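Taking it in order: structure first as structure tokens, then the write-up.
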């Protein structure tokens, strides 16, 4: 319950601060980072001189680890891509792979879609793992906000309950229907299904940046 309350506070802060500008000062304290909006978190670390090595490392993680994991399931519609100048990994999981219609309880086989992410929560601040839960434009604004809050909480608690993980750099965000995919307006059933999704961003943390500056990322 304590973790749930803490996470709920993070989500409320994230929802209320979406309009704030970027914070430019570097920050590594997870309690302070919890106040960041998703866009501030996405840009919370400057890779600097280590950028080229980080790009190569993230591309390798995408190709050799994540894509291989998700392609084991032929029915999986999960997507993995490199963004923000290839320094950040973005994993997109359809909400239907994790939850039943209008449900906020994880499906029994949702584990197989979340398991590959555990790798990135073993060591604090090597990655900053962002969970962005999205929905479509059906239902009232209050319902859309609530379902993304509750689903983000469910995913966060799943990670918190896994042994051997450090979730201090795991940051959930409830996005409601504010960000449909590019070129995918909520004007038909197929598009709405695509917009109901969990986005997981793997942002390089301070430890990765420091290692990259010395020419080697040990993970």
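The numbers here are math on the coordinates, done by the rules we state, and not lab data. Fair warning: this is a prediction, and the values are worked out from it, not measured in the lab. All Cβ positions, even for glycine, are placed from backbone atoms using ideal geometry, and neighbour counts span all protein chains on display.
How many residues are assigned to a helix (DSSP H, G or I) and in contact with a strand residue (DSSP E or B) (Cβ under 8 Å, 6 or more places away or on another chain) if we restrict to segment 52-82? Working first, answer last.
Within segment 52-82, the subset assigned to a helix (DSSP H, G or I) is 52-71.
With the extra rule that they be in contact with a strand residue (DSSP E or B) (Cβ under 8 Å, 6 or more places away or on another chain), the set shrinks to 54-55, 58-59, 61-62, 66-67, 70.
Result for segment 52-82: 9.
Considering 103, 96, which residue is touching a residue at least 24 places away in the same chain (Cβ under 8 Å) and not in a strand (DSSP E or B)? Steps first, answer last, please.
Working: 103 fails: touching a residue at least 24 places away in the same chain (Cβ under 8 Å).
Answer to the selection: 96.
State yes or no: is residue 124 more than 21 Å from residue 215 (Cβ to Cβ) and touching a helix residue (DSSP H, G or I) at 6+ places or on another chain (Cβ under 8 Å)? Spell out the reasoning first.
Working: more than 21 Å from residue 215 (Cβ to Cβ): yes; touching a helix residue (DSSP H, G or I) at 6+ places or on another chain (Cβ under 8 Å): yes.
Here the answer is yes, as residue 124 does meet what is asked.
Please tell me if residue 27 is more than 15 Å from residue 200 (Cα to Cα) and part of a helix (DSSP H, G or I).
Working: more than 15 Å from residue 200 (Cα to Cα): yes; part of a helix (DSSP H, G or I): no.
It is false that residue 27 is more than 15 Å from residue 200 (Cα to Cα) and part of a helix (DSSP H, G or I).
Among (1) touching a residue at least 60 places away in the same chain (Cβ under 8 Å); (2) farther than 22 Å from residue 152 by Cα; (3) buried (at least 17 other Cβ atoms within 10 Å of the Cβ), where does residue 89 come up short?
(2)
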